[in-house]
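Here is the structure we will look at.
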Amino acid sequence: MEKFDTIIIGAGPGGLAAGSKLAAAGQNVTIIENNLWGGTCPNRGCDPKKVFIAAVEARDKVAQLKGKGFSDVPFVNWSEIEKFKETFTDPVSKGSKDGAINAGITTIDGEPKFISENELVVNEATYSADHFIIATGQRPSYLDIKGKENLLSSTDFLSLKQMPKTVAIIGAGYIAFEMATIANATGAKVHVIHHNGHPLKAFDQDYVNELVKQLEQKGVEFHFNVDTKEIVKDNDQFTIKADNLNLPTDLVIGATGRIPNTDFLDLTKANVKTDKHGVVVNSKLQSSNDKIFAIGDVVSTKAPKLTPVAGFEANYVSEVILQETTEDLQLPLIPTVVYGSPKLAKVGAQTGSKVVDQDVTGWFSYRHSNEPVAKVKIFLNEQEQIIGATVLSQEADSFINLLTKAIEQKMTHQDVQKEILAYPTAASDLEYLF
Ligand SMILES: Cc1cc2nc3c(=O)[nH]c(=O)nc-3n(C[C@H](O)[C@H](O)[C@H](O)COP(=O)(O)OP(=O)(O)OC[C@H]3O[C@@H](n4cnc5c(N)ncnc54)[C@H](O)[C@@H]3O)c2cc1C
Ligand SMILES: NC(=O)c1ccc[n+]([C@@H]2O[C@H](COP(=O)([O-])OP(=O)(O)OC[C@H]3O[C@@H](n4cnc5c(N)ncnc54)[C@H](O)[C@@H]3O)[C@@H](O)[C@H]2O)c1
């Protein structure tokens, strides 16, 4: 039986980051992966999605300037972008695995199963370790309805070879809004079907309503309070059936959330407790077996399931294992962005002693490219320091990072006035916003 200092299960952003740090510190590390090395983000998540979003951004800019220098809104060729996307995704798995090998990590492809509190079996070989890190992420969860085998996932969507005429998306979270934005810009008639009236429920509902309105103006049709009961397949066509809907479509994407990859690992044999959100951990990301940690999307905590969070937790757990820290995990502020059209971003507190809500659509930073809408909400505490923000605009992704820094530095209006920021940009407007 081979013994390692640390065995990591899952080679996504979390597992690979932990592996690199532990190996660089001289540990004997192995990573076990059962699918593509690199994990969700670069293979079937953030990165391929952003390649399509680049096309949405380019098309939006031209569409806004129609009659102001441009005469035609360009047709966006899905198949060409999909091929371009493959130039990013195709090399990921080999590159990630080679990177791990070059970092001195032992790499294993297979399906590990725990057989005791410190041993697992993979490819019929038994391995033990002083510590384990579970970094197995999540996978799409599908509605348990009649015809559920007809649902495609975001992974399937991002690998379509052609964009069909009609796309229906069930759910109204991050993935639904982003796929709807992309399918709409690449020529499909898009329907979003949601079981209640609260899309993107963790975001400011005024701004979400504005985002819905903007997408509706681009042709996306939202069906709220529709509880999908069945998906009927007839040759290459599908019909979505609910009490109050009967919708024919060329394909149906299920975007109703993701479930943790905790099954298949025989975690009970390792005395690791799980719930429906993932591995249950303490404030040091230790599971009920204190030698087994969990990081990233597979952890059952309220922390947003995002790539930088997985990376941060990987560094933290590595430090705990290397005895470089005895502190509890302290996650910093976590900005988050829905890559819609426009983008919706938020960071920090969403209430405050003072709330500044500015419609900045007419401000030069947005009007020079004829953006249809731009809004910024800033939340201040009693000392008038910025403690949170929500932004809806095409620049929301970069602007929210600046606001994150402003919150970390507890900046007030006076502090902002002492800065010089490149003009004209969304950032240079900050001093006039509150
Ligand atoms: C469509 C989409 C878009 C996204 N966009 C963004 C974005 O814009 N920004 C952002 O920050 N985040 C985004 N995310 C979320 C981001 O992808 C995840 O937060 C991130 O990948 C989590 O990293 P992880 O290492 O915890 O898990 P993962 O990246 O999921 O990696 C887990 C790895 O474990 C492997 N694995 C699973 N089970 C086993 C097993 N039994 N044995 C061995 N290996 C196993 C998997 O194959 C995978 O390689 C997006 C996600 C999706 C689905
Ligand atoms: N830009 C980003 O950072 C980004 C992008 C995509 C995904 N992600 C990550 O991936 C995670 C998963 O994304 P997601 O969009 O699948 O999940 P989500 O939790 O954001 O949204 C799921 C949606 O499905 C709805 N839903 C649940 N049951 C339903 C039903 N029976 N019928 C109709 N709708 C139903 C929920 O109300 C919710 O609106 C996100 O939470 C996020 O952490 C991040």
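Please compute the modelled spin-label separation between Ala54 and Lys276, points set 7 Å along Cα→Cβ, answer in nm with one decimal.
About 4.0 nm separates the two model spin labels.
At a 10 angstrom cut-off on C-beta neighbours, averaged per residue, how do the peptides 314-323, 159-168 rank from highest to lowest? List each step's numbers first, then the result.
Details: 314-323: 20.5, 159-168: 16.9.
Packing proxy ranking, top to bottom: 314-323, 159-168.
Just for the Cα atoms in the chain, what are the lengths along the principal axes, largest first, rounded to whole Å?
71, 64, 39
Under a 1.4 Å probe, what is the accessible area of the chain per residue, stated in Å²?
Normalised by residue count, the accessible surface of the chain is 46 Å².
Which far-off residues, 5 or more places away or on another chain, put their amide H under 5 Å from the one on Ile334, with H placed in the peptide plane?
Under 5 Å from the amide H of Ile334 lie the amide H atoms of Gly348, each far enough along the sequence or on another chain.
Which net charge results when you count Lys and Arg as +1 and Asp and Glu as -1 among the other residues whose beta-carbon is under 13 Å from that of Asp275? Before the final figure, lay out each step's value.
Numbers: positive: Lys273, Lys276, Lys302; negative: Asp263.
In short, +2.
Around Val192, which amide H atoms from residues at least 5 apart in sequence, or from another chain, sit under 5 Å from its own amide H, with H modelled in the peptide plane?
Ile169, Glu221, Phe222, His223
Give the peptides 187-200, 51-64, 33-46 in descending order of average Cβ contacts within 10 Å, highest first.
33-46, 187-200, 51-64
Express in nm, to one decimal, how much length is gained between Val355 and Thr425 on full extension, taking 0.36 nm for each residue of separation and deducting their alpha carbon distance. Let's see the in-between values first.
Values: separation 70, 0.36 × 70 = 25.20 nm, distance 2.24 nm.
Net length gain for the segment: 23.0 nm.
In deg cm²/dmol, rounded to 500, what helix-only [θ] at 222 nm does the chain give when every DSSP H run of at least 4 residues adds -39500 (n - 2.57) and the total is split over its residues?
My calculation for the chain gives -9000 deg cm²/dmol from helical runs alone.
For the chain, what proportion of DSSP beta bridges, expressed in % and rounded to the nearest 5, is antiparallel?
That works out to approximately 55 percent antiparallel.
Which ³J(HN,Hα) values in Hz, rounded to whole numbers, follow from the phi angles of the stretch 395-410 under the Karplus curve 6.51 cos²θ - 1.76 cosθ + 1.60, where θ = phi - 60° and Gly and Pro get x?
Values, residue by residue: 9, 4, 5, 7, 5, 5, 5, 5, 5, 4, 5, 4, 5, 4, 8, 6 Hz.
Val62 versus Asn370, label points 7 Å from Cα toward the beta carbon: distance in nm?
Here the modelled spin labels are 1.4 nm apart.
Take peptides 116-122, 350-356 and line them up by average Cβ neighbours within 10 Å, highest first, as a rough protection proxy. Kindly include the intermediate steps, with their values, before the conclusion.
Numbers: 116-122: 17.1, 350-356: 13.7.
For the peptides 116-122, 350-356, the packing ranking is 116-122, 350-356.
May I ask you to give the percent of accessible area on the chain that is carbon plus sulfur, with a probe radius of 1.4 Å?
Numbers: 9990 of 19890 Å².
That fraction is 50 percent.
Under a Cβ-Cβ cut-off of 12 Å, what is the net charge of the residues other than Val167 that fall near it, where Lys and Arg count +1 and Asp and Glu count -1?
Net charge around Val167: -1.
Got a sec to turn the phi values of the stretch 77-85 into Karplus ³J(HN,Hα) couplings, 6.51 cos²θ - 1.76 cosθ + 1.60 with θ = phi - 60°, whole Hz, x for Gly and Pro?
Each residue's phi maps through the Karplus curve to give 8, 3, 4, 5, 5, 4, 5, 4, 4 Hz.
So how far, in whole Å, is the C-alpha centre of the stretch 87-166 from the one of the stretch 332-400?
35
At 0.36 nm per residue, and after removing the present C-alpha to C-alpha distance, how many nm does the segment from Asp90 to Asp328 gain when stretched out fully?
Result for the pair: 81.9 nm of gain on full extension.
The values are calculated or read from the model by the stated rules, or taken from the named source; none is laboratory data. Values in this document were obtained by computation on a predicted structure and should not be read as measured data. Note that each Cβ is placed from the backbone with ideal geometry, even for glycine, and that neighbours are counted across all protein chains shown. Ligands, DNA and RNA are stripped out before the accessible areas are found, and what is left, the full protein with its side chains, is counted by its heavy atoms. Shrake-Rupley method; radii C 1.70, N 1.55, O 1.52, S 1.80 Å.
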